[in-house]
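Notes for the one structure printed next.
The values are calculated or read from the model by the stated rules, or taken from the named source; none is laboratory data. Every value quoted in this text rests on a predicted model; they were computed, and no experiment measured them. Virtual Cβ from ideal backbone geometry, glycine too; neighbours counted across all protein chains shown. The protein model used for the area step is the full one, side chains on, heavy atoms only, and it has no ligands, DNA or RNA in it. Shrake-Rupley method; radii C 1.70, N 1.55, O 1.52, S 1.80 Å.
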Amino acid sequence: MTFKAPDSLAEQIAHHLAERIIRGELKERERIQEQKVTQSLNVSRGSVREALLILERRHLINILPRRGAQVSELTPQHVRSLYTLVMELYILLGNAVAERWRVEADLAPFLVIQQRLADSLLKQDINAFVDASFSIMQAAYPFADNPYLQQTLDNLQPAISRTYHIALERRKGEMGQFIEVFAELLQAVIARDPARIREVLIGYGKQNCALVLAALAER
């Protein structure tokens with residue numbers, strides 16, 4: 001039995017604020033005032049400050065001297081840089097699964113996620129769809145067994161999730177295309193084909209990056 005400590009209060013506050021940023025309730029460059037958060041959540045100022053440091057590490061806010069915390073911008077350059085890095089990290093994960101799966105049962109978690117994605121598409125539930133898409137990453141971590149890779153991706157996940165919401169809110173039809181990409185990726189993993197894994201993920205990254213950039217241009 002694996003022991004999992006409950007999230008700290010600061011982590012809970014950070015998660016609450018992150019969800020508001022990811023869903024667009026807190027806008028770019030909007031200030032996050034410690035005192036207001038402290039009062040609205042009935043928590044200590046120290047916990048709020050710790051939560052803001054967590055959000056800065058996860059690329060959702062910037063903490064500026066004498067100006068405090070504000071929601072980070074999503075510029076085209078930020079989006080391109082983010083996708084360039086994240087796709088290479090996803091390729092590392094995909095290759096790890098391809099190299100280390102041994103029996104069909106090893107792939108069962110990915111088939112469950114595939115069904116969750118299909119169910120979310122049927123319901124047009126964007127939040128559930130995004131959550132399920134990140135479950136792919138979580139299911140791949142044990143195969144990589146690389147705490148540095150996991151920590152890096154965990155810290156980048158909120159920023160990627162933010163871009164997913166921006167794109168999918170405007171083009172829900174893209175959810176179906178993502179399911180097709182995931183099916184292609186799964187076949188490449190089963191075939192232990194690193195060249196195809198790279199091809200699928202780079203293609204997906206370029207497509208989704210373009211989608212996010214188009215959504216930003218429509219603002």
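Farthest towards the positive end of the charge dipole of the stretch 15-79, among the residues Ala18, Leu53, Gln77, is the Cα of Leu53, using unit charges on the Cβ of Lys, Arg, Asp and Glu. Please work out whether the stretch 117-158 counts as rounded, prolate or oblate from its C-alpha gyration tensor, where a ≥ b ≥ c are the square roots of the eigenvalues and a/c under 1.5 means rounded, while otherwise a/b larger than b/c means prolate and anything else oblate? Note, shape of the stretch 117-158 comes out oblate.
Fraction of C-alpha pairs exceeding 31 angstrom in the chain: 25 percent, rounded to a whole number. Pairs of Cα atoms nearer than 8 Å and 6+ residues apart set the relative contact order; for the stretch 1-125 it is 21 percent. Annotation: Val37 carries an accessible surface of approximately 10 Å², with a 1.4 Å probe and no ligand, DNA or RNA atoms counted.
Stokes-Einstein diffusion for the stretch 141-204 at 10 °C, viscosity 1.306 mPa s, with a Kirkwood radius from C-alpha pairs, works out to 117 µm²/s. The dipole here belongs to the chain: it is taken about the Cα centre, uses +1 on the Cβ of Lys and Arg and -1 on the Cβ of Asp and Glu, and is about 740 debye. Of the listed residues Thr163, Thr38, the order by accessible area with a 1.4 Å probe, largest first, is Thr38, Thr163.
Of all the stretches in the chain, which is the longest one without any exposed loop site, taking GluC sites (Glu not before Pro) in a DSSP loop (any state but H, G, I, E, B) with at most 11 other Cβ atoms within 10 Å? Longest site-free region, per DSSP loop and neighbour criteria: 74-217.
Placing unit charges on the Cβ atoms of the charged side chains and taking the dipole of the stretch 67-219 about its Cα centre, the candidate lying farthest along the positive direction among Ala118, Gly176, His165 is His165.
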